[in-house]
Every structure is written in structure tokens, then in C-alpha cells.
1. Which pairs in the list 80/129; 5/132; 4/44; 80/124; 47/84 are over 26 Å apart, alpha-carbon to alpha-carbon?
2. First measure r as the distance between the Cβ atoms of residue 54 and residue 107, then evaluate 1/(1 + (r/R0)^6) with R0 = 35 Å and state the FRET efficiency to the nearest 0.05.
3. Here are several values of Kirkwood radius over Cα pairs in Å: (i) 16.5; (ii) 15.1; (iii) 15.6. Which one was derived from the coordinates shown?
4. Kindly rank 67-75, 1-9 from highest to lowest mean number of other beta carbons found within 10 Å of each residue.
5. Under the rule of -39500 (n - 2.57) per DSSP H run of 4 or more residues, summed and divided by the residues of the chain, what mean residue ellipticity at 222 nm is obtained, to the nearest 500 deg cm²/dmol?
6. For the chain, what is the charge dipole size about the Cα centre, in debye to the nearest 20, if Lys and Arg each add +1 at the Cβ and Asp and Glu each add -1 at the Cβ?
7. Of 29, 138, how do they rank once you tally other Cβ atoms within 10 Å and put the fewest first?
8. Taking 0.36 nm per intervening residue step and subtracting the Cα-Cα distance, what contour gain separates residue 83 from residue 123 on full extension?
Amino acid sequence: MRIKKVFNNNVILAHDENFVEKVLLGRGLAFGKKERGDEVDQDKVDKIFTLESKELVDSFVHLVGEIPINHLELTNSIVKEAEKELEITFNDSIYIGLTDHINYALHRHRQGEHMRNAFLWEIKKFYPKEFKVALKALGYNLLL
């Protein structure tokens, strides 16, 4: 894969040999590689986001440019844990909505804006495993 755009040291937009765009996440992935066309160090890639459409790629690229990278890393950790706990694999498009949700929720929390979830009872009753995973995610102690 080759670099198309560097967002920061940990996130890049790349394309494979078929010129399919992918967003790559990994610690130090782009360190020292700022040039378009540079080869990607596959050993540093933690997650590859392959989105089905140009619109999803564009949305994700826009989101990555607007949010702190640690919110994307938090989303990645939550999704990995949820996939393990629930024994499922999510579509990569989950990263767009969930990252945006987490970013906005953290912003509201910092502003002291607390919202009541009108569907909390239903979520607990009908989605107990998913609710348990969500509670675990709330306990993640990351510097956000």
C-alpha cells in the first residue's frame, strides 16, 4: 500500500495495488513518511478501514481531520472489545458513527451537559449483552 494523505503520525489515507482507498491506523505509522506515494510499513498497521463507497471514505476522512486522534483510538478499542465479547464482526462503517458519537458525547461531558437516555430501560432489557459491553467501555481510562 502507498500513502495518499497523512493526517498525523498515527492515521493515513492509503491506496492498495488496485487503487482502493483505505484509512490506516497504527502507532507511528506515518512517522518519517510524509510524502505521497511512500510505501506503508505494514508492521505498524493496527487497523485498516475499508469503506464500501467513496462517500463513506470521504465522510471518514473528514471526521478524522476534525476530531482528536485519541477519540478514534478509543473507538477502535471499544469496537475490538465489543467484537470479542459479542462474538461478531462489525462493518467498518461503524467507525464513522461511533467515533462521531464518542467525540460529541465527550464534548458535552466536558461542557457539563448531561443528557438523560429515554430508552435506557429498553436497552437494558432487550440488549443486555450490548449494554454490558457499553458499560465496560465507559470504564476505559484513557487520557481524553
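1. Those over the limit are 5/132.
2. Computed FRET efficiency for residue 54 and residue 107 comes out at 0.80.
3. The calculated read-out lines up with (i).
4. 67-75, 1-9
5. Per the formula, -14500 deg cm²/dmol.
6. Values: 21 positive and 23 negative charges, 112 e Å.
That gives the chain a dipole magnitude of about 540 debye.
7. 138, 29
8. Taking 0.36 nm per residue and subtracting the Cα distance, the gain is 12.6 nm.
Every number here is computed from the coordinates shown, using simple stated rules; none is lab data. Quick caveat: nothing in here was measured; it's all calculated off a predicted structure. Heads up, the Cβs are rebuilt from the backbone with ideal geometry, glycines too, and the neighbour counts pull from every protein chain shown.
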